[in-house]
Amino acid sequence: MTNKSHRGTIFLEDARVLQQVEHPGRQFILRVHAPKCARTALPGSFAHVTCDPAVPMRRPLSIMRTDPEDGWIEFLYKIVGEGLGHLSSRRPGDLLSILGPIGNPFVLNPGRPRPLLIGGGVGIPPMLFVAESLHKQGGDWQPFVIMGSELPFPFPVQASRLSLPGLSAQATHGLAILEDQQIPSRLASWSGLPGCHKGYVTDLARQWLDGLSDEERDQVDIMACGPTPMLRAVAQVARDYALPCQVSLEEFMACAVGGCAGCTVPVNTAEGVMMKRVCVDGPVFEARDVFPPAA
């Protein structure tokens, strides 16, 4: 059965392709005009996209950016399989069937105004969405963004003007789009990319947390999206520093609206371990519930 809480909030639209830009490593940024989805999407939401009339199964794509006024949404994806290969051939003016926004988003806690946002690979989009949402809100938010990739980042990077003492001397660059918004960011990669820490995103997370005072650390809330091994490691960081942590899971999906139960994962609840659907019960979960400590 589908989750009744999502009824009336998921829209089916014929979205017009506005722009499709290829980046190294078969990475693509796709912008489509989908005004209903753009108006209601929240950081952590995703959409189920028809890649091509010849490919019957839709693909779930995390929403990276939105403009509710102009009615567009953006996705970042990497070609993995036939479906996304077809999607990469779509051009401005083409129509795509979009079902979205789907899923429970990240929950921002005003009592913890220093969110630590960690994205890896195609898990980067939700973190950009969170960061830009905080920028638009203004107020006392002080996010720090860490991105990891083994491919060249599909965004302009630059030497950061925003000082962050205590970090790896290699970690000198951040995303230009965040620098322009005065949001500090740092990059990690094992591929020797310029300005990146040669190591894991969790290395930078620990360095940053160690550089905070106890009072500052108590204001941190961790949010992450990326490959499962990365999320498991981030959950361990949260445990080691006694911090709350939300993670957005990546799973294969068929229907994406809770009907097929093909994307279930074990989740710890007050009633014991239960199988939850990533599409409508997630994709955002408390890290402690999906990555408990090793026995």
Note, residue 76: beta-carbon cut-off 14 Å, +1 each Lys/Arg, -1 each Asp/Glu, net +1
For the chain, the longest principal axis of the Cα atoms and the Cα long axis of helix 124-137 enclose an angle in degrees, to the nearest 10, of 80 degrees
One finds, for residue 274 and residue 80 with R0 = 41 angstrom and r their Cβ-Cβ distance, a FRET efficiency to the nearest 0.05 of 0.90
From DSSP H assignment alone, runs of 4+ in the chain each adding -39500 (n - 2.57), the sum over residues rounded to the nearest 500 puts [θ] at 222 nm at -5500 deg cm²/dmol
Computed for the range 114-250: size of charge dipole around the Cα centre, +1 on C-beta of each Lys and Arg, -1 on C-beta of each Asp and Glu, debye to nearest 20, value 280 debye
In the chain, lysine pairs 8 or more places apart or on different chains with C-alpha atoms under 30 Å apart total 8
Share of Cα-Cα pairs in the range 114-250 beyond 25 Å, whole percent, is 16 percent
Expressed in angstrom and ordered largest first, the alpha-carbon extents of the range 30-167 along the principal axes are 52, 32, 23
antiparallel share of DSSP beta bridges within the chain, to nearest 5, in %, is 70 percent
By the mean-Cβ-within-10 Å protection proxy, highest first, 64-75, 218-229 rank as 218-229, 64-75
The helix 201-210 Cα axis meets the longest alpha-carbon principal axis of the chain at an angle in degrees, between 0 and 90 and rounded to 10, of 40 degrees
Quick calc, the chain, dipole around Cα centre from Cβ unit charges on Lys, Arg (+) and Asp, Glu (-), nearest 20 debye, gives 480 debye
Taking every DSSP bridge whose two residues both lie in the range 114-250, the antiparallel percent to the nearest 5 is 15 percent
In degrees rounded to 10, the 0-90 angle between helix 228-240 Cα long axis and the longest Cα principal axis of the chain is 40 degrees
Between residue 176 and residue 218, Cβ-based FRET efficiency (R0 35 Å, step 0.05) works out to 0.65
Rounded to one decimal in Å, the inverse mean reciprocal Cα-Cα distance for the range 1-110, i.e. its Kirkwood radius, is 14.2 Å
For the range 114-250, averaging the sequence separation of alpha carbon pairs under 8 Å that lie six or more residues apart and dividing by its residue count, the contact order in percent is 27 percent
The Kirkwood hydrodynamic radius of the chain, taken as the inverse of the mean 1/r over all distinct Cα pairs, in Å, comes to 19.4 Å
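Where a number appears in this text, it was derived from the coordinates with a stated rule and is not lab data. As the structure is a prediction and not an experimental result, all values here were calculated from the model. So basically every Cβ, Gly included, is an ideal-geometry build from the backbone, and we count neighbours across all protein chains shown.
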